[in-house]
Amino acid sequence: MQVPATLDLGGARAKGGEANCFHAIRGPGLALLLGAVLLAPLPAHAVDGCLAMLCLAAPDWKQVPQCVPTLHQLFHDLAHGKPFPNCNTAGAGNTISHAWAQPPSFCPPPYMHVVDLEAGPSYSCDYLGAITVVVDGTMFTRTWWAASGASVTEYSPAAKARLGSWNPQFDADFAAWLAARPVVPPGDPA
């Protein structure tokens with residue numbers, strides 16, 4: 001059977017008169033069309049760096065419906081090696097940046113774990129990285145994120161003073177970590 005070089009998608013009619021392009025495409029043409037559709041890349045959904053900055057500076061981004069999909073997409077993109085978005089309209093002294101967690105030097109103590117190995121201690125962090133928002137030249141928030149979408153935000157004293165209320169999870173985790181540490185008597189060289 002000969003397959004035409006061009007396919008007439010508009011001329012085919014199914015029962016009832018509706019257009020049905022699959023009746024006009026047969027054999028290798030149908031396989032080629034389906035293959036192209038199934039293998040076509042999905043459109044890219046770039047995260048807006050300015051929206052991410054506003055969301056991460058909020059008292060609790062998880063309570064802002066517009067922020068949830070944006071930040072989950074950002075965490076997913078970062079975990080898969082996509083570049084961090086920027087915000088060119090933030091104004092002087094206002095920035096957003098990303099850094100990968102580097103335990104033990106760059107991971108909050110409540111989320112860091114150490115395993116003693118023969119070769120020495122091995123450190124891990126519950127979070128892959130941190131996104132820092134700077135407002136008026138001062139660190140405002142630092143959101144630690146994981147590929148799973150989990151996150152916790154550290155609010156600076158400046159952020160707490162401006163916001164009045166914030167998600168207390170980081171503070172609660174830090175207080176619990178401090179309370180669980182062994183008490184070292186004064187003058188003990190431990």
Quiz item: Within the stretch 71-114, which residues are under 22 Å from Asp126 (Cβ atoms) and polar (S, T, N, Q)?
Solution: Gln73, Ser97, Gln102, Ser105
Quiz item: What do you reckon, is Ser105 polar (S, T, N, Q), in contact with a strand residue (DSSP E or B) (Cβ under 7 Å, 6 or more places away or on another chain) and free of Cβ contacts under 8 Å to residues at least 40 places away in the same chain?
Solution: no
Quiz prompt | Residues being closer than 18 Å to Met139 by Cα and either in contact with a helix residue (DSSP H, G or I) (Cβ under 9 Å, 6 or more places away or on another chain) or surrounded by fewer than 13 Cβ atoms within 10 Å (Cβ to Cβ) (or both) - total across the stretch 106-120 | solution = 1
Quiz item: Is there a residue in the stretch 152-161 that is within 23 Å of Val47 (Cβ to Cβ), surrounded by 15 or more Cβ atoms within 10 Å (Cβ to Cβ) and more than 18 Å from the chain's Cα centre (by Cα)?
Solution: yes
Practice problem: Answer yes if at least one residue in the stretch 174-189 is of a type outside the set (Lys, Arg), surrounded by 15 or more Cβ atoms within 10 Å (Cβ to Cβ) and more than 20 Å from the chain's Cα centre (by Cα), and no otherwise. | Solution: yes
Quiz item: Which residue pairs have Cβ atoms closer than 7 Å, lie 6 or more positions apart in sequence or on different chains, and pair a first residue in the stretch 133-146 that is assigned by TED's automatic domain parsing to the domain that holds Pro85 with a second residue that is among the charged types (D, E, K, R)?
Solution: Thr141/Glu154; Arg142/Glu154; Ala146/Asp126
Quiz item: Identify, please: which residue in the stretch 75-94 is crowded, with 16+ Cβ neighbours inside 10 Å and closer than 17 Å to Ala57 by Cβ and is, among those, nearest to the chain's Cα centre (by Cα)?
Solution: Phe75
Quiz item: Failed condition for Val184, given (1) touching a residue at least 24 places away in the same chain (Cβ under 8 Å); (2) part of a loop (DSSP other than H, G, I, E, B); (3) among the aliphatic types (A, V, I, L, M), with all others met?
Solution: (1)
Self-check item: Residues of the stretch 125-141 satisfying the condition of being under 14 Å from Pro108 (Cα atoms) and either surrounded by 20 or more Cβ atoms within 10 Å (Cβ to Cβ) or not charged (D, E, K, R) (or both)
Solution: Cys125, Tyr127, Leu128, Gly129, Ala130, Ile131, Thr132, Thr141
Self-check item: The one condition in (1) buried (at least 17 other Cβ atoms within 10 Å of the Cβ); (2) touching a helix residue (DSSP H, G or I) at 6+ places or on another chain (Cβ under 6 Å) that Leu51 fails to fulfil
Solution: (1)
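The values are calculated or read from the model by the stated rules, or taken from the named source; none is laboratory data. Note that this is a predicted model, so its numbers are computed, not measured. Neighbour counts run over all protein chains shown; Cβ positions are idealised from the backbone, glycine included.
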